[in-house]
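Here is the structure we will look at.
The values are calculated or read from the model by the stated rules, or taken from the named source; none is laboratory data. The model shown is predicted, which means the values in this text are computed figures rather than measured ones. Neighbour counts are summed over all protein chains in view; Cβ atoms, including those assigned to glycine, are modelled from backbone coordinates with ideal geometry. Note: areas computed on protein heavy atoms with side chains; ligands, DNA, RNA excluded. Shrake-Rupley method; radii C 1.70, N 1.55, O 1.52, S 1.80 Å.
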Amino acid sequence: MQTLPFSHHHRHSLSTFPSLTKPSKTLNPNHLKPSPSLSWRLRHQILTSKTSQFIPKAYESDEVPVDETFLEQFGPKERESEDEARRRNWVERGWAPWEEILSPEADFARKSLNEGEEVPLQTPEAMEAFKMLNPRYRKKKMEEMGLTEEEFFDKQFEIKGEIPEPIKTLWNGPLVVRHVPPRDWPPRGWKVDKEELRFIREAHYLMSRRVSSEELENVSSDVSQLCLDRYKVFLKQYNEWVEANKDRLEEESYEVDQDYHPGRRKRGKDYKEGMLELPFYYPGQICIGKVTTLHLYQGAFVDIGGVYEGWVPIKGNDWYWIRHHIKPGMEVIVEILVSNVNCIVDLDRKDIDAKRDPYRFRFPIEMRFVDPNIDHLIFNRFDYPPIFHRDDDTNPDELRRDCGRPPVPRKDPGIKVEEEPLLSNHPYVKKLWQLHVAEQMILDDYEANPEKYEGKKLSELEDEEEFDEQNSVEFTQAYYKKALVPKIILKTSVKELNLEAALAEREYHNKLRKEVEERGEKYEISKLRRNLEMDEYDLIHWRRSYEEREALLRDISCRQALGLPLEEPGRYVDGSYFGKDQYDPENPLYRYDYWGEPKNSEKSKKERMVDAHNKSIVGKGTVWYEMSYEDAIKQRMKREAQSKGDVQKEFDYEDRLGADDDSEDDDDDDFDYSILGDPNLTFAAQPVVNGTESSRLSDEGMFEN
């Protein structure tokens, strides 16, 4: 467990109630003013008492303390200073900021917060801080203290509290560093000589050879025996890649990153020749760099000689433990953790996505500190590396797959996609039907009022009003047979219509109709041009759906053969994962105007019939009807098909005889069997609950002895 080290003069701040006799330094000189809620006798004794215990000489009836420790526990306490209160707050919350490095302006602002805007400064600390804002007074104080300007500012940066000992990295053995080309070389889309590439990759086979610690005792500084031929070939190909892509990478960097921030690509005056690009690095590579930036919520950034600075994820309260060990400007040894693990396949930038996609991830190179090793001081890990959200990121599933993140769990719909019916309703068919109706309406008006279109071509017609596509649909109401029904008006532009083809088709059918009527036959039009076009679109949609179904079945078969899961792990979960009463937008129960199923709907009627039939089978245990519901429905349909005269009377007569016979044995059997035979049953006598009807029959007591 980590503890906060403090100096001796701050130990009393850990106590919730400091001693009443010990004076404390405060910014408010009126801190001894007693509370107005105390009686005047008690106030007088508190102000005049000089001992640690309060021993009043006399009490009124309503002032008698509960016991001797009453005043010690509930009496007024001296206020602690602002610094002590701040430090105690840090300790109690388990959090503390970095060292307070305050400029003169910030120091004055902190010490004068309780003074008010127009209230004159009262405390000596606030007055002194206000005077230090003047450069002349500040220079005078430096001379009195005998300090130079640098020594004075160094004193401002003194760390409050105890400074822990620097971390010493312990090594189990020497750190072996090798010059090895990356395993993912070359980048996607970049072609290299195959013989050279085969020669480069032989270095990875040599890496598998184990070296014992005994062989490392005799260290030789002679580099003439090192074999760097494969590494030199890699450097030659790498330099060729840099020369071909350097300018384009910088241009794309300006397009993507409007402003530079730590961890992004260096460009312009910050770019220097010889900086290493992303394809040079690989996981496990050991680098020596310099800490350039520390960020409270993101981490540390280390310059390792590349166009991108390495990112060491540190956030939040972990800085309290690390702030003494990691400083800007210090040299460190780091290990690269992430390379092409989360690489994105982008067809437009195949040849530059050698590592983490720098256009998706904010920090392409992720590292950790090797010396000093602070892994044991990091408790708050990043769940996922931070990313950029682009404007075209409309599919969240694709975004999380690109970033290597697990799926967001959702409720299992419980349907099998491979068993769903094929789709044959193309979405463009509705638009085609709208165009077809508009063309036929104009042609009807053309035949009814030919003088209106005299001297005009149908292809040259223009809209009477300016066509607004956003307001092309109007919802109104109209009367139909004395009933007010909703009406939808779809506006269509004449420019979208092909009136010449429609007119030629109309004239052709009129000619055929005359020829058929002359023969005394009836002419029928099977399908028009637009109808055939709709059928073609539906057929295209059906073929696409069929091909998707076949591909899905092949994928399922391959997964089952290889023992792979059919669904993405973690994508669908059981409904109990989300708890009870979760909002379901498809459920009519959550609709604002839902009052239950209508009592005359076919769905609710069928449910009531099934409920009544099931209750007739089970009921209270007094009725047993040995017939399933499907058989009962079949019998009812047969009875409906036959004449409703003698057959129905016969059936009713048998029911009455059966009811009379049963009444002699059991007078409590009052079940009405006619509900299974009367198709016009209304269940009007059944109780209505929230707009729905429920059966009177109850299964209460069916399982009781």
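The table that follows gives values for the structure above.
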{"quantity": "Residues (open to solvent by less than 50 Å² (accessible area, probe 1.4 Å) and among the aromatic types (Phe, Trp, Tyr)) located in segment 524-548", "calculated": "none"}
{"quantity": "Residues being more than 29 Å from the chain's Cα centre (by Cα) and buried (at least 20 other Cβ atoms within 10 Å of the Cβ) - total across segment 290-303", "calculated": "2"}
{"quantity": "Every pair of residues 6+ apart whose Cβ atoms lie under 6 Å, when the first sits in segment 439-456 and is within 17 Å of residue 490 (Cβ to Cβ) while the second is surrounded by 11 or more Cβ atoms within 10 Å (Cβ to Cβ)", "calculated": "439/497; 439/502"}
{"quantity": "Among (1) in a loop (DSSP other than H, G, I, E, B); (2) of a type outside the set (A, V, I, L, M); (3) under 29 Å from residue 276 (Cβ atoms); (4) touching a residue at least 24 places away in the same chain (Cβ under 8 Å), the one test that residue 425 misses", "calculated": "(3)"}
{"quantity": "Sole residue being under 22 Å from residue 414 (Cβ atoms), assigned to a helix (DSSP H, G or I), of a type in the set (Phe, Trp, Tyr) and in contact (Cβ under 8 Å) with a residue 24 or more places away in the chain, chosen from 546, 577, 537", "calculated": "577"}
{"quantity": "Pairs, first surrounded by 11 or more Cβ atoms within 10 Å (Cβ to Cβ) in segment 390-411, second in a helix (DSSP H, G or I), C-beta under 8 Å, six or more apart", "calculated": "393/399; 406/400; 407/397; 407/400; 409/577; 411/575; 411/577; 411/578"}
{"quantity": "Residue selected from segment 457-494 under the condition closer than 25 Å to residue 432 by Cα and of a type in the set (Lys, Arg), by the criterion most open to solvent (accessible area, probe 1.4 Å)", "calculated": "457"}
{"quantity": "Matching residues in segment 495-505 - criterion: being open to solvent by 40 Å² or more (accessible area, probe 1.4 Å) and assigned to a helix (DSSP H, G or I)", "calculated": "495, 496, 500, 504"}
{"quantity": "Number of the exception - residue 353 against (1) at pLDDT below 90; (2) within 14 Å of the chain's Cα centre (by Cα); (3) in a loop (DSSP other than H, G, I, E, B)", "calculated": "(2)"}
{"quantity": "Residue among 380, 342 that alone is modelled with pLDDT under 90 and more than 24 Å from residue 188 (Cα to Cα)", "calculated": "380"}
{"quantity": "Pairs where the first residue, in segment 114-142, is under 18 Å from residue 83 (Cβ atoms) and the second is at pLDDT 85 or above and open to solvent by less than 50 Å² (accessible area, probe 1.4 Å), C-beta under 7 Å, 6+ apart", "calculated": "132/138"}
